[in-house]
Amino acid sequence: MPDILNLYKERGETPLQRIERYRTAHPEYKNVPMSYAGRLDPMAEGVLLVLAGEANKRKSEFLGFEKEYTFDVLFGFSTDTYDLLGVLADSVTRASHKAVRVPLLLEYVSQMPGKRAQKYPPFSSKPLEGVPLFVRARKGELEEYELPEHQIEIYEASQVGL
């Protein structure tokens, strides 16, 4: 029975739902502790690294793996969750956004590679003083805190469809 699994998570599915779907199809994992090494948001689809049994003890080893993301960007609005599932910002109007200028966008994308600090989104599962950020965001408590940051490195950025 493998203890490291690469499971494809569908869009709209949480990582826990994906694990439960796997358990249903593989009853031998019914009582085996399982966790994921790196979260994919419900709007994301892709490979979810799942650890079973003894592999859970090595979780920190897997969290440091490099990841690759492909995403689409929709310009002209913003939400409280930074994705399509959020509530539209009150201040968003057609007049509040400048037209996207392709040369400026291409220049911005070319400057993306490198190391930098990045704040966690307010609706992430990152704990802040033991409580996930999304719980504090739903309660309206985030104004009291500085969002935590983590170091990221972008190795390559490119655009298609312009």
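The values are calculated or read from the model by the stated rules, or taken from the named source; none is laboratory data. Treat the numbers as computed from the prediction; the structure is a model and nothing was measured. Note that we place each Cβ from the backbone using ideal geometry, even for glycine, and neighbour counts take in every protein chain shown. Protein only, heavy atoms only, side chains kept; ligands, DNA and RNA dropped before computing areas. Shrake-Rupley method; radii C 1.70, N 1.55, O 1.52, S 1.80 Å.
What the phi angles of segment 154-160 give under the Karplus curve with 6.51, -1.76 and 1.60, with θ = phi - 60°, is a coupling list of 9, 7, 7, 9, 8, 10, 9 Hz, glycine and proline written as x. Across segment 17-162, counting alpha-carbon atoms alone, Rg and Dmax equal 18.8, 57 Å.
Of the residues Leu40, Leu84, the one with the largest accessible area comes first in the ranking Leu84, Leu40, computed with a 1.4 Å probe on protein heavy atoms.
Ordered from highest to lowest accessible area with the whole protein assembly present and a 1.4 Å probe, Tyr145, Tyr82 read as Tyr82, Tyr145. Surface composition of the chain: carbon plus sulfur atoms hold 54% of the accessible area, using a 1.4 angstrom probe and ignoring ligands, DNA and RNA.
Counting only Cβ charges, +1 for Lys and Arg and -1 for Asp and Glu, the dipole size of the chain around its Cα centre is about 160 debye. Over all Cα atoms in segment 40-90, the spread is summed up by Rg and Dmax: 15.8, 48 Å.
For the chain, the 222 nm mean residue ellipticity estimated from helices alone, with every DSSP H stretch of n ≥ 4 adding -39500 (n - 2.57) and the total spread over all residues, rounds to -5000 deg cm²/dmol.
With a simple spin-label model that places each label point 7 Å from the Cα along the Cα-to-Cβ direction, the separation between Glu153 and Lys115 comes to 0.7 nm.
Placing unit charges on each Cβ (+1 for Lys and Arg, -1 for Asp and Glu) gives the chain a dipole about its Cα centre, and among Asn6, Ile152, Tyr108 the Cα reaching farthest toward its positive end belongs to Asn6. In straight-distance terms, cross-link reach from Lys59 covers every one of the lysines whose alpha-carbon lies under 26 Å from its own, apart from those fewer than eight places away in the same chain; here that gives Lys9, Lys30, Lys67, Lys115, Lys119, Lys126.
Taking only protein heavy atoms into account and a 1.4 Å probe, give the accessible area per residue of the chain in Å². Don't skip to the answer; put the middle values down first.
Working: 12000 Å² over 162 residues.
Per residue, the chain has 74 Å² of solvent-accessible surface.
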